[in-house]
Every structure is written in structure tokens, then in C-alpha cells.
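Q: Below you will find the structure I want to go over with you.
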């Protein structure tokens with residue numbers, strides 16, 4: 001089933017990755033000079049339909065379309081086993097597990113950060129979590145075209161499974177005793193992030209090898225899920241860069 005994928009960057013990544021799956025490309029008349037998008041569409045022999053901005057908004061059902069939308073299937077969800085097969089040959093690997101992240105903007109932002117940091121996949125539970133939607137595509141800035149998103153029926157079992165593949169599991173927990181700055185990440189690491197409101201479920205948290213907190217020094221003692229994920233992901237990246245130089 002196809003959906004309208006909207007926004008300049010998501011449509012650009014779609015054209016680069018899956019141009020052959022685009023059924024319709026809509027561009028606002030005022031953006032008729034969007035040279036790169038038009039060139040990519042012409043190269044793929046995709047006919048462009050120029051419409052008023054309000055008509056695109058009506059078709060897309062969202063105001064954040066930036067004057068561009070493409071009708072195409074959403075990216076397919078990936079299988080965790082396939083991700084693990086590819087990771088076996090790697091010295092370093094980062095997997096991001098998300099628990100109860102129901103906000104599509106948070107999910108999209110985490111996916112965007114994970115792809116920018118060359119994570120191998122984002123893994124989410126089948127239930128009680130946002131799934132791939134056009135809103136998630138927009139928030140991810142098209143990162144879902146490049147980063148596998150895996151759906152698992154049981155997050156705790158999936159974590160136990162990756163332990164058998166040599167991963168160490170780090171769960172972000174606000175009340176944890178161990179500070180992020182005191183953690184030495186394994187080359188093969190899995191990060192677990194929960195929602196701001198509900199956190200990580202006890203059974204999932206039990207699967208973690210380490211519970212870690214981000215030190216906060218301001219008056220507001222909380223970060224949203226995507227901000228927390230970004231901080232920890234890039235601390236892992238920083239440590240791996242130092243490791244590479246040794």
C-alpha cells in the first residue's frame with residue numbers, strides 16, 4: 001500500500017534509493033525551480049505534477065510538506081536475523097532498541113541520529129510503539145531509506161538473542177547509579193531507550209548488562225527520548241573513534 005511521503009529531504013532520499021517505486025511526484029508551483037529534485041526525477045523518468053500548495057496539503061494531510069510529496073510504498077520493515085548476519089563480519093556494531101516510543105517525531109528523530117552515526121539498525125516492539133508512517137519518514141529526514149528498522153514480537157527475547165552474538169546491552173535509566181561518563185562501551189553495543197513517561201519496561205530492563213544515566217546539572221531534570229538517544233549514541237561513537245586510534 002502506498003502513502004504520500006512528504007518533505008524535501010525524505011523525497012530526495014526516496015528518489016536516490018527507490019525511484020522506481022514512486023507512483024506520483026507532486027511539487028508546489030512555487031518550487032518549480034527545485035533543481036536537484038527535478039533533475040533526480042527526470043533521470044528516473046518520473047513525471048512531475050505541479051500543484052498549488054493547498055492542494056498538496058489536502059492530499060498529504062499534513063502542513064509540513066514543504067511543497068513536495070511522492071506517492072510510494074513506505075520502506076519495508078527488516079528482519080533482525082538479517083541485520084545480525086551482516087554484523088557478524090564487523091568489529092564494531094551499534095543497535096538501538098526502543099521501548100514504548102509512541103511519538104512519531106521522537107521515533108523519526110532517533111532514526112535520523114542513528115543513521116547519521118552509522119548504527120546498524122533500530123529495533124522496536126510490535127506493540128505499544130510508533131511504526132513507520134509518513135510523519136516518521138518526515139521526522140527521520142529520509143533516514144529510513146538507508147537504516148533498517150526491525151520489528152520484534154518480544155523486545156526482551158530479542159535482547160537475549162543478541163547477547164549470544166556478542167553484544168553488551170546498555171539501558172538508559174534516569175535513576176541508574178552509573179553515569180554515562182563512567183561507561184566504557186563494548187565495540188558491539190546495544191542501546192535501549194524508553195519513553196519519557198513510561199521508561200523501559202521491567203522485563204526489558206532486566207535484560208540489560210548495564211543501566212546508565214545521563215548526568216544533568218540544570219533545573220529541569222529530564223530529556224526527551226530523542227535527545228537522550230543522541231547523547232548516548234555519540235558518546236559511543238566518540239569512544240569508538242578513540243579506540244580506532246589506539
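Q: Quick check: convex hull of the Cα atoms in the chain, volume per residue, rounded to a whole Å³?
A: It comes to 155 Å³ per residue, whole-number rounded.
Q: Same structure again: With angles folded into 0 to 90 degrees, how steeply does helix 8-18 sit against the dominant principal axis of the chain? Use alpha carbons for both and round to 10.
A: 90
Q: Give, in nm to one decimal, the length gained when the segment between residue 64 and residue 227 is fully stretched (0.36 nm per residue of separation minus the Cα-Cα distance).
A: Length gained, residue 64 through residue 227: 56.5 nm.
Q: Quick check on the chain: helices-only [θ] at 222 nm, where DSSP H runs of length 4 and up contribute -39,500 (n - 2.57) each and the sum goes over total residues. Nearest 500, please.
A: Here the helix-only value at 222 nm equals -10500 deg cm²/dmol.
Q: Follow-up. Using only the C-alpha atoms of segment 47-116, find the volume of their convex hull and express it per residue in Å³.
A: Value for segment 47-116: 154 Å³ per residue.
Q: What FRET efficiency comes out for residue 39 versus residue 1 if R0 is 22 angstrom and r is the Cβ-Cβ distance? Round to the nearest 0.05.
A: It comes to 0.15.
Q: Another question about this same structure. In degrees, nearest 10, range 0 to 90: what is the angle between the Cα axis of helix 225-245 and the longest Cα principal axis of the chain?
A: 70
Q: Also, quick follow-up: By average Cβ neighbour count within 10 Å, what is the ranking of 203-216, 36-49 from highest down?
A: The densest-packed peptide leads the list: 203-216, 36-49.
Q: Run the quick spin-label model on residue 206 and residue 184: label points 7 Å from Cα toward the beta carbon, then report their separation in nm to one decimal.
A: About 3.0 nm separates the two model spin labels.
Q: Taking the Cα atoms of segment 62-191, what is the range of coordinates along each of the three principal axes, in descending order and whole Å?
A: 45, 34, 26
Q: Determine the relative contact order of the chain: mean sequence separation of Cα pairs under 8 Å and six or more apart, normalised by residue count, in whole percent.
A: 20
Q: Just how far, in whole angstrom, is segment 203-246 from segment 88-125 if you go by their alpha carbon centroids?
A: Taking the Cα centre of segment 203-246 as reference, the centre of segment 88-125 is 13 Å away.
Q: Consider a paramagnetic label point 7 Å from the Cα of residue 17 along Cα→Cβ; state which residues of segment 141-155 have an amide N under 19 Å from it.
A: Flagged as within label range: 141-152.
None of the figures in this text is laboratory data; all of them are computed from the coordinates on show. Computed from a predicted model, the values in this text were never measured in an experiment. No Cβ is skipped: glycine too gets one built from the backbone with ideal geometry, and neighbour counts run over all protein chains shown.
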